[in-house]
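The values are calculated or read from the model by the stated rules, or taken from the named source; none is laboratory data. In this text, all values refer to a predicted model and were calculated from it rather than measured experimentally. All Cβ positions, even for glycine, are placed from backbone atoms using ideal geometry, and neighbour counts span all protein chains on display. Note: accessible area is taken over every heavy atom of the protein model, side chains too, but ligands, DNA and RNA are not part of it. Shrake-Rupley method; radii C 1.70, N 1.55, O 1.52, S 1.80 Å.
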Amino acid sequence: MRRFIITGAPGAGKTAILRALELDGFSVVEEAATDIIAAAQAGGTPEPWRDPCFIDAIARLQRDREIQGSHQRDEVQFHDRCVVCTAALAIYLGYPISPILASELERIQKDAIFEKRVFFTRNLGFITPTEARRISFEETLRFEKIHEDTYRRFGFDLAFIEPGSVAERVRTIKKAIGLNADAPS
């Protein structure tokens, strides 16, 4: 199975792209941070990212979802972020790389879990805040740079997905992996 990561700064349109790919019949593995945030907020913790354990919770859920997704028999699978994104988030938040996070980073590299080409969605020029996304556009740009640098440091090649319609962005991804850009999977 070829596993591709779709990543980028918060609010860059990853989720819309992934929903379109899923509707086209591709297997999609959901991102973890938003679910960790939602669960913590539902439990009464309004800003879970202030707790260093937040990073490990994301890394664990990402690992579990990646392993669960590996049992699917699809030829191509798209992942909404991965543990490299979690490393970028740790750096952004000022947290050290924990042993759990380091172990996951080592595992994905040693086992070559993901394709080296990562689809990096560029910011849309604005950000829409949500309960889980409390970040200014200026901070989004800073996080985007940290994200890029982190992926490169771990040896990934970034294929930039520039702003455009969801359909245009999906066509760009399909074409880049050698699929008919207009046909469903």
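FRET efficiency for the GLU139 to ARG73 pair, using the beta carbon distance and R₀ = 30 Å, is estimated at 0.15.
For ASP24 and THR45, what is the calculated FRET efficiency with R₀ set at 30 Å and r taken between the beta-carbons, to the nearest 0.05? It would help to have the intermediate numbers written out before the result.
Values: r = 36 Å, r/R0 = 1.22.
Calculated transfer efficiency: 0.25.
Taking the chain as the region of interest, the number of lysine pairs whose Cα atoms are within less than 21 Å, with members eight or more places apart or on different chains, is 7.
Taking all protein chains into account, the per residue accessible area for segment 75-169 stands at 49 Å² (1.4 Å probe). In terms of accessible area, using a 1.4 Å probe and ignoring ligands and nucleic acids, ILE146, ILE67 rank largest first as ILE67, ILE146. Based on C-alpha pairs under 8 angstrom that are at least 6 apart in sequence, segment 97-185 has a relative contact order of 29 percent.
Note on VAL166 and THR128: with the Förster distance fixed at 22 Å, the Cβ-Cβ geometry gives a FRET efficiency of about 0.90. When you restrict to C-alpha pairs under 8 Å that are six or more residues apart and normalise by the size of the chain, the relative contact order lands at 34 percent.
In this label model, THR15 and LYS175 are separated by 2.8 nm, measuring between points 7 Å along each Cα→Cβ vector. Ranking PHE54, THR34, CYS82 by Cα position along the charge dipole of the chain, where only Lys, Arg, Asp and Glu carry charges on their C-beta atoms, puts CYS82 farthest toward the positive end.
Computed on the Cα trace of the chain, the radius of gyration divided by the Kirkwood hydrodynamic radius gives Rg/Rh = 0.94.
For the chain, what is the calculated [θ] at 222 nm in deg cm²/dmol (nearest 500), taking -39500 (n - 2.57) for each run of four or more DSSP H residues and dividing by its residue count?
On the way: 7 runs with 88 residues, N = 185.
Value at 222 nm, helices only, nearest 500: -15000 deg cm²/dmol.
Using Cβ point charges alone (K and R +1, D and E -1), the dipole size of segment 39-185 about the Cα centre works out to roughly 180 debye.
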